[in-house]
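Let me begin by presenting the structure, written as structure tokens, before commenting on it.
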Amino acid sequence: MTVSPMSPMSPMSSPADATLDAAVAAAAALGTTDTPERTGVEDLDDDTLRLTHRALRAGLSGPLTEANRWGAVALPPGRFSFHELHLKRDLPLLHEWMNDPDVARWWGLGGDVDVTANHLAAHARLTHATAYVGCLDDQPVSYWELYRADLDPLARHYAAKPHDVGIHVLIGPAHHRGQGLGSLLLLVVSELILRAAPDTQRVVAEPDVRNAASIGAFRRAGFRRSVDLTLPGKTAALMIRDRHRDATGPAA
């Protein structure tokens, strides 16, 4: 399960690239007088991209279980924040998103509402993962699953490192796709994870190798394609966002 395709675009070059570059540059310019010509996560300063000053829960997945307490991030499209998932409230919307053909193709959760409900209920029973609704100005635009990848079955298929964090995400409303929003949110969320979880050195994802739009979104958000994995039901591209962007070494 990965970011839903935002457009049938090339993973390396598309009209959305310029939109994303402008959005990141604008985000970097918020709250600072520096030139907005720079791009990249490191340019999003603490006035723009920051955590609330609250003690986060300790434990295996402590920081991930309280992402709804990280605070709102001021971005050009709006103020982004995580809202805790409530099954009764959020099920109708998520069921609608999961039945969008562009989402269903990759998530495989199209069908009756029970299909979505069963997935969310099973995910809620996991002790190493948490689900959130991502909002812009408190309006739902995305669904996220944050999980300890080193404690997940995924770890059987790659050289996991302690405290690796995995991401599953989809952009729900179709009109928000193809505008660079997915890449911008992946960039921001991966940085927030690394700031909230100091023991985490890598954020990982495993989009289907056929999902060029998803792979492109992760690349533009600072992830590198490490290796292809044979997983149950798909061949996946292991995407890695290193804490230190110049990290080198053998493929995981």
Separation in nanometres of the label points that stand 7 Å from Cα toward Cβ, at Q139 and A117
2.9
Can you give the local net charge around L229? Use residues other than it whose beta-carbon is closer than 12 angstrom to its beta-carbon, Lys and Arg +1, Asp and Glu -1.
0
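Rounded to whole Å and ordered largest first, report the semi-axes of the equivalent ellipsoid of the stretch 111-252 derived from its Cα gyration tensor (root of 5λ). It would help to have the intermediate numbers written out before the result.
On the way: eigenvalues 102, 69, 52 Å².
Sorted largest first and rounded, they come to 23, 19, 16 Å.
Relative contact order for the stretch 106-202: what is it in percent, counting Cα pairs under 8 Å that are at least 6 residues apart?
Once divided by the residue count of the stretch 106-202, the mean separation gives 19 percent.
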Among 203-212, 172-181, how do they line up from the highest to the lowest mean number of other beta-carbon atoms within 10 Å?
203-212, 172-181
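What's the Cα-based Rg to Rh of the stretch 149-210, Rh via Kirkwood? Write out the running numbers ahead of the final one.
Numbers: Rg = 13.3 Å, Rh = 13.1 Å.
Radius of gyration over Kirkwood radius for the stretch 149-210 works out to 1.02.
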Can you tell me the Rg and the Dmax, both Å, for the Cα atoms in the stretch 87-143?
11.4, 30
Starting from the Cα-Cα distance between V227 and R125, subtract it from 0.36 nm times their residue separation and give me the gain in nm to one decimal.
33.7 nm
Round to a whole number: what % of the accessible area of the stretch 56-128 belongs to carbon and sulfur, probe 1.4 Å?
53
Report, largest value first, the span of the C-alpha coordinates of the stretch 63-103 along each principal axis, in whole Å.
30, 25, 16
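The values are calculated or read from the model by the stated rules, or taken from the named source; none is laboratory data. If you're wondering where the values come from, they're calculated on a predicted model, not measured in any experiment. Please note: Cβ atoms are built from the backbone with ideal geometry, for glycine as well, and neighbour counts cover all protein chains shown. With ligands, DNA and RNA removed, areas are computed over all heavy atoms of the protein, side chains included. Shrake-Rupley method; radii C 1.70, N 1.55, O 1.52, S 1.80 Å.
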